[in-house]
Amino acid sequence: MLTKQQLDLLREKLDKTLIDIKEELGEVEDDKGEVKVTEFGSDTESSEDLPEEADEAEELATNIAISSGLKDRLENVQEALRKMDKETYGKCESCGKDIPIEVLEVNPESRHCAECNKKEERV
Ligand SMILES: [Zn+2]
């Protein structure tokens, strides 16, 4: 079982992670939540030979991958916070065992214990 102190600390971490993720998402998405092409380096006109459209398509693909990865993490973090409210936080979703505090400290949004994580990776 986690102590209140440990929980408070982990919640703080999760809150910070949430803000970080949203900031990162803001860099690859516009206000409507659509993935955009970030226009860095558009001032340099040295790469005139390169077809700009191909560049943009590639960058869009990269940003879509980043955005979907961030959204997965965001979901995990939000789920962890919800579980804190319901006091089911820190339990493995597969086997119901307590997730060790050492794991949660590194990765507060963990949903599974190390054993079940290993099992999932193998699948
Ligand atoms: Zn487990």
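Read the figures in this text as sums done on the coordinates, not as results from a lab. Everything quoted here is computed from the prediction, not taken from an experiment. As a convention, Cβ positions derive from the backbone with ideal geometry for all residues, glycine included, and neighbour counts pool all protein chains shown.
Could you order the peptides 114-122, 102-110 from most to least packed, using the average number of other C-beta atoms within 10 Å per residue?
Details: 114-122: 11.8, 102-110: 16.4.
Top to bottom by mean Cβ count within 10 Å: 102-110, 114-122.
Taking one equal scatterer on every alpha-carbon of the chain, how large is log10 of I(q)/I(0) by Debye at q = 0.16 1/Å?
Each listed q corresponds, in turn, to -0.83.
What residues qualify as long-range amide H neighbours of LYS91, i.e. H under 5 Å apart, gap of 5 or more or another chain, H built at 1.01 Å from N?
Under 5 Å from the amide H of LYS91: ILE99.
Using the basic label-point model (7 angstrom from Cα toward the beta carbon), what is the ILE64 to ARG122 distance in nanometres?
3.5
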